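One structure is given below, encoded as structure tokens.
The values are calculated or read from the model by the stated rules, or taken from the named source; none is laboratory data. On a predicted model such as this, the values are computed, not experimentally measured, just so you know. Note that we place each Cβ from the backbone using ideal geometry, even for glycine, and neighbour counts take in every protein chain shown. Keep in mind that these areas ignore ligands, DNA and RNA; they rest on the heavy atoms of the full protein, side chains included. Shrake-Rupley method; radii C 1.70, N 1.55, O 1.52, S 1.80 Å.
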Amino acid sequence: VQTCALPIWRGRFVPRGLRDGIMQLVAAPGFDPRKAYRLCQQFPSVAADVLKAMLEKVGRPVPEIERAVEVEKERDASRLYANIRPISLAVTVTPLLGLLGTVQGMIIAFYTTANLDAGANRAAELAQGIYVALITTFAGLCVAIPAAMIAHWLEGRILRGFRGVDDLVGAVLPQLERYENKGQIGRAHV
């Protein structure tokens with residue numbers, strides 16, 4: 001369970017202590033899934049969640065273990081991307097609001113110009129409506145462009161984090177193949 005709503009920093013995704021500890025267990029002869037599970041409990045993170053889901057399936061066929069990994073990764077990814085959705089919404093909605101203001105400004109410009117008294121300065125009235133139209137378009141883009149950049153950056157951090165998780169899973173999975181069909185080491189036993 002994550003303590004941070006958006007653990008995009010590498011240490012929150014794959015803590016160094018977890019990575020180093022797992023790699024030591026993988027390098028040592030006789031990989032012990034129980035030690036790996038306890039190590040995951042010490043370092044709550046996305047990687048720990050995925051590895052625990054994987055370790056809880058030890059003894060099951062490898063495709064079942066791989067499926068448990070994918071399910072947990074999808075769950076964590078969904079939770080992480082949920083935090084980016086409001087930013088993505090701003091990317092989509094603010095230009096539309098700017099466009100709405102543009103249309104409003106043009107309506108004002110042409111309505112006012114069409115209903116002016118004879119001899120009134122039509123250019124000045126038209127310019128006022130166009131000014132409103134341009135300001136609202138500018139404001140919408142001023143919000144949308146930075147929001148798009150932030151959302152893209154955050155999504156990149158999440159993708160990099162999951163690559164780190166995949167690297168760790170890739171190191172552990174071959175160690176679990178020798179337990180296949182030899183009885184499950186479930187949560188109660190770990």
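A few notes on this one:
- To put it simply, the accessible area of the chain at a 1.4 Å probe is 62 percent carbon and sulfur.
- Top positive-direction residue, dipole computed over the chain with Cβ charges, set LEU126, LEU168, MET106: LEU168
- Using alpha-carbon coordinates, inclination of helix 122-176 to the longest axis of the chain, degrees: 10 degrees
- Per residue, the chain reaches -26000 deg cm²/dmol at 222 nm when only DSSP H runs of four or more residues are counted, each adding -39500 (n - 2.57).
- Residues of segment 127-166 with amide N under 17 Å of a point placed 7 Å along Cα→Cβ from LEU116: 127-133
- Positive-end extreme of charge dipole, segment 21-95 - chosen from ALA36, PRO86, ALA47 (charges on Cβ): ALA36
- Charges were assigned to the Cβ only: +1 to each Lys and Arg, -1 to each Asp and Glu. The resulting dipole of the chain about its Cα centre is roughly 760 debye.
- With the whole protein complex present, ARG85 retains an accessible surface near 130 Å², based on a 1.4 Å probe.
- The phi torsions of segment 98-106, fed into the Karplus equation with coefficients 6.51, -1.76 and 1.60 and a -60° offset, translate into couplings of x, 5, 4, x, 4, 5, 4, x, 5 Hz, rounded to whole numbers, with Gly and Pro shown as x.
- Acute angle (nearest 10 degrees) that the helix 46-55 long axis makes with the longest principal axis of the chain, alpha-carbon atoms: 40 degrees
- Geometric extent, Cα atoms of segment 12-72 - Rg, Dmax (angstrom): 11.2, 30
- Average accessible area per residue (Å²) across segment 48-152 - probe 1.4 Å, nucleic acids and ligands excluded: 58 Å²
- Computed from label points 7 Å out along Cα-Cβ, the spacing between GLU66 and ASP166 is 1.4 nm.
- More than 18 angstrom apart: percent of Cα pairs within segment 90-166: 57 percent
- Multiplying the residue separation of VAL103 and ARG34 by 0.36 nm and removing their Cα-Cα distance gives an extension gain of 18.4 nm.
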